[in-house]
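For reference, the structure discussed in these notes is given below.
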Amino acid sequence: MTTPASEAPVTPRSEYEFGFHDDVEALVKLPKGLSHEVVNTISDIKDEPEWMRKLRLKALDHFNARPMPEWGGELGDIDFNDIHYYVRATDRDESDWEDVPDYIKDTYDKLGIPEAEKQGLLAGVGAQYDSEVVYHNIREDLEEKGVLFLGTDQALREYPDLVKEYFTTVIPPNDNKFAALNTAVWSGGSFIYVPPGVNVDIPLQAYFRINSEDMGQFERTLIIADEGSQVHYVEGCTAPIYSSDSLHSAVVEIVCKPGSNVRYTTIQNWSNNVYNLVTKRATAYQDAVMTWVDGNLGSKLTMKYPAVYLMEPGAHGEVLSIASAGQGQHQDAGAKIVHAAPNTTSVITSKSLSMDGGRSTYRGLLKVYDGADGCRSNVRCDALMLDEHSRSDTYPVMEIDEKRVDIGHEATVSKVGDEQLFYLMARGLSEAEATKMIVNGFVEPIIKSLPLEYAVEMNRLIELQMEGAIG
Amino acid sequence: MTPPLFEIDALQVAVEDKQIVNGLSLTLRPGEVHAIMGPNGSGKSTLANSLMGHPRYTIHGGDIRLEGESVVELAPDERARLGLFLAFQYPTDIPGVSMINFLRRAMSARRGEEIPVREFRQVLNEILGRLQMDEQFVRRYVNDGFSGGEKKRAEILQLGLLEPKVAVMDETDSGLDIDALRIVSEGINTFHSDDNAILLITHYQRILRYVQPDHVHVLIDGRIVESGDASLAERLERDGYEPFMAPAKEEVLTS
Ligand SMILES: Nc1ncnc2c1ncn2[C@@H]1O[C@H](COP(=O)(O)OP(=O)(O)O)[C@@H](O)[C@H]1O
Ligand SMILES: [Mg+2]
């Protein structure tokens, strides 16, 4: 028996509303631990081309050879031998929601996922449950225009050449320890291809759910926006509350071809026993625009720094990041922008909150290569602490090797101000309401860049977390 | 005589262990306007903030009563909901929070129930018009990037919306040009009725030409050293605070 949500010692607050889990035996669950054998078995199950198997095995060697990162958060408690690297609940990836097994459907119903698709708010929906994608669907007219939106495994079966052409080109297998791990044991994730000039006018969404205890979810997402195309992809994540920790280590690679415009929005609300160690990177070519909107609310530890490599003149990269750390949480999040070509521009806006003893860290890197003249960048990171025993740090690193650039940088760390609280309370607002209002105002610049539904959801999640913290 | 609406009774206030207000007493009856005039640093803002319950100002003697009930133990929001109002000398900016959202929350808090949008809009637009403020003004963030005059008008806007029983106005006149001063004063006069009372804290006499005080008090070193009618303000205007500050002068001479 698994620990009921209400008794879980690692998640002191009971407000986490997605803490339930399904008590259904998985179809396939590899024994715990990581080895060449495990990697071979995953590759066998998926019946993959040989190049992928070799890539996985090589990546596992990279993973084993690399030390644990010593910066960022506390990773010492992760026991790589105590994790199931592959758990499959069902044997099919359905494109008709009715065919998805009932208990999985129920889970997603509780999370409100198919609802949004039914209401026409989304152009396509994907759902991953543990290791495998269980559902993918895309609006017919987009499919007719050649837009591909499917599970990465399925893409590898149906479009092997396209996957091979781009896979690991943005994030090499040995980029970092967790990217290596993902490359070795990856399963699931979304594959998107948007043909030249096609505009996917409303978002595609994928929903990631960890259900099994002690499991690792290693989805691999690859997005290719061809010339002059446009797409917005949104992902949401939740997990049940168990007494032991889970690992989520995804890799997301995005290629923004000339003139394309890609926006990738994440609302991460993992339960407080998930290590969320994710590598996300995009390359942007001539005049392309890449935007990461990254909301980190849940997890025990998140280490995630969405990156944009600006490869050709005119490319623009943007990262909007919100992190909120409550009790027992560490959000180590930020952004990385690399100006590798002249006349490229970037904006980083980060807002982090810490409350109830939580810790948030902004970690950013802005790099401008020698010769990348005429670059402009603006970095702004603000941290707000709600109480004395919470913690906030900012580590904005700048490596500027070119003189003819225009770089603006501003960082603030503040506590919810006594004067602001007094002002609002002097108008009759309770301390809790006043604090909420100040916090909402603080994150407003990012919230307003979200589509309405997500803005509402994000505000709701932040408020939920604050209710636990300020009572 | 009508019962007092607001009483400050032998109030002593300290900031960071420094005694600023030294046993100050004042009684406001319904319909009255009292002016407190004092030089810079005499403790005007300290008094105003402590009346509203600012946590940095410690009250260590005396009492504050609204309609006969002591409020010194109450938090600022509780005082506000009972009908006490402070127009700030330096209103704080709250980036990201729109005026309109803030005003609606404040008004609902004061009423003790959610105010319907339609009614709120109507009252809001009426007062905005009266203060010659653009409707777009309330789309801006609370006091964020407001000019000095805009901040003061925004305080009067709140006064009008919240309809307190007692309004303490901390140097609402300072930093206003003559037109703005007139508009702000009209805002105060429109609010004023036989049922409420105003404590007008000011450094200069000029606002008293627009808002007629029933009583004028001179504040020096946290004490009321003289009280009188409107003519006291004229005397101050003519002679300055100097004649009232004799004790301080002596100290300088003897040191
Ligand atoms: N927050 C504070 N910390 C320390 N001293 C203060 C503070 N506020 C006011 N004071 C002191 O109290 C005295 C009165 O200030 P204040 O009440 O602002 O006067 P006024 O409003 O009449 O100009 C001054 O000496 C000032 O320095
Ligand atoms: Mg003052």
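The values are calculated or read from the model by the stated rules, or taken from the named source; none is laboratory data. Please read all numbers here as calculations on a predicted model, not as lab measurements. Counting neighbours? That spans all protein chains shown, and the Cβs are built from the backbone with ideal geometry, glycine included. Heads up: the accessible areas ignore ligands, DNA and RNA and are worked out on the full protein's heavy atoms, side chains in. Shrake-Rupley method; radii C 1.70, N 1.55, O 1.52, S 1.80 Å.
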Checklist entry - Between A:VAL368 and residues 5 or more places away or on another chain, which pairs have amide H atoms under 5 Å apart, with H built 1.01 Å from N, and which residues are they? => result A:HIS339, A:GLU399, A:ILE400, A:ASP401
Item to check | Under the Karplus curve 6.51 cos²θ - 1.76 cosθ + 1.60, θ = phi - 60°, whole-Hz ³J(HN,Hα) for segment A:359-372, x wherever Gly or Pro sits | outcome: 10, 10, 10, 9, 10, x, 10, 10, 10, 10, 6, 4, x, 7
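I'd like to check one number: the per residue accessible area of chain A, probe 1.4 Å, reported in Å² as a whole number. Can you show the working numbers first?
Working: 16930 Å² over 471 residues.
Result: 36 Å² per residue.
Let me know the mean shielding of A:430-442 by other chains, meaning the per-residue number of their Cβ atoms within 10 Å of its Cβ. Write down the numbers at each step before the final one.
Details: counts 5, 3, 1, 3, 7, 0, 1, 7, 5, 2, 4, 11, 4.
Counting Cβ atoms of other protein chains within 10 Å of each residue's Cβ and averaging gives 4.
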Next on the checklist: Once each part is reduced to its C-alpha centroid, what is the distance from segment B:101-145 to segment A:425-471 in angstrom?
Outcome noted: 20
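Counting only other chains, what is the mean number of Cβ atoms within 10 angstrom of the Cβ of each residue in peptide B:84-93?
Numbers: counts 2, 3, 4, 1, 4, 0, 2, 2, 9, 5.
Neighbouring Cβ atoms belonging to other protein chains average 3 per residue here.
Which whole-number percent gives the relative contact order of segment B:6-254, counting Cα pairs below 8 Å spaced six or more residues apart? Show your work: numbers first, answer last.
Numbers: 439 pairs, mean separation 67.9, N = 249.
It comes to 27 percent, rounded to a whole number.
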Next on the checklist: Can you give me the % of accessible surface on segment B:6-254 that is carbon or sulfur? Probe 1.4 Å, all protein chains present, nothing else counted.
Outcome noted: 45
Item to check | Peptide B:104-111, shielding by other chains (average Cβ, 10 Å cutoff) | outcome: 4
Next on the checklist: Suppose all protein chains stay in the model; what accessible area per residue would a 1.4 Å probe give for segment B:6-254, in Å²?
Outcome noted: 44
Checklist entry - From the phi of every residue in segment A:338-353, what ³J(HN,Hα) in whole Hz does the Karplus formula 6.51 cos²θ - 1.76 cosθ + 1.60 yield, where θ is phi - 60° and glycine or proline is x? => result 10, 8, 9, 9, x, 6, 9, 10, 8, 9, 10, 10, 10, 10, 10, 10
Checklist entry - Which cross-chain or sequence-distant (5 or more) residues have an amide H under 5 Å from the amide H of A:SER377, H modelled 1.01 Å from N in plane? => result A:SER346, A:ASP406, A:ILE407, A:GLY408
Item to check | Cα→Cβ-extended label distance, 7 Å offset, between A:ASP79 and A:ARG404, nm | outcome: 5.9
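Where nothing but the Cβ of Lys and Arg (+1) and of Asp and Glu (-1) is charged, how large is the charge dipole of segment B:119-225 around its Cα centre, in debye to the nearest 20?
Values: 12 positive and 18 negative charges, 30 e Å.
Once rounded to the nearest 20, the dipole reads 140 debye.
Can you tally the net charge around A:ALA288? Count Lys and Arg as +1, Asp and Glu as -1, for every other residue whose Cβ sits under 13 Å from the Cβ of A:ALA288. If you can, show how the numbers build up before the last one.
Values: positive: A:LYS257, A:ARG263; negative: A:ASP226, A:GLU227, A:ASP287, A:GLU312, A:GLU318.
Summing Lys and Arg as +1 and Asp and Glu as -1 gives -3.
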Item to check | 1.4 Å probe, heavy atoms, protein only - residues of segment B:40-62 losing at least 40 Å² accessible area vs chain alone | outcome: B:HIS54
Checklist outcome for this item: In whole angstrom, the spacing between the Cα centers of segment A:247-272 and segment A:16-30 equals 24
Checklist entry - To the nearest 0.05, what FRET efficiency results for A:LYS58 and A:ASP418 with a Förster distance of 45 Å applied to their C-beta separation? => result 0.20
Item to check | Cα principal axis extents for segment A:268-387, largest first, Å | outcome: 45, 24, 19
Checklist outcome for this item: Interface residues of segment B:140-158, defined as losing at least 40 Å² of accessible area versus the chain alone with a 1.4 Å probe, are B:TYR141
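Provide the net charge surrounding A:GLU433, with neighbours chosen by a C-beta distance below 9 Å and charges set as Lys +1, Arg +1, Asp -1, Glu -1.
Details: positive: A:LYS436, B:ARG105; negative: A:GLU431, B:ASP77.
Net local charge, A:GLU433 excluded: 0.
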Item to check | Under-5 Å amide H pairs with B:VAL216, H placed in peptide plane, nonlocal only | outcome: B:ALA35, B:GLY228, B:ASP229
Item to check | Computed Rg/Rh of segment B:6-254, alpha carbon atoms with Kirkwood Rh | outcome: 0.97
Checklist entry - Of all the accessible heavy-atom surface of segment A:5-304, with the other protein chains kept in place and a 1.4 Å probe, what percent is carbon and sulfur? => result 45
Checklist entry - Counting only DSSP beta bridges with both residues in chain A, what percent are antiparallel, rounded to the nearest 5? => result 10
Checklist outcome for this item: With a 1.4 Å probe and ligands and nucleic acids left out, the total accessible area lost when A pairs with B, in Å² to the nearest 100, equals 2000
Checklist entry - Mean Kyte-Doolittle of at least 0.0 and a Cα length of 20 Å or more along the axis: which whole DSSP H helices of chain A meet both? => result A:431-447, A:452-470
Item to check | Rule-of-thumb Rg ratio for segment A:5-304 [Cα; 2.2 N^0.38 Å; N residues] | outcome: 0.94
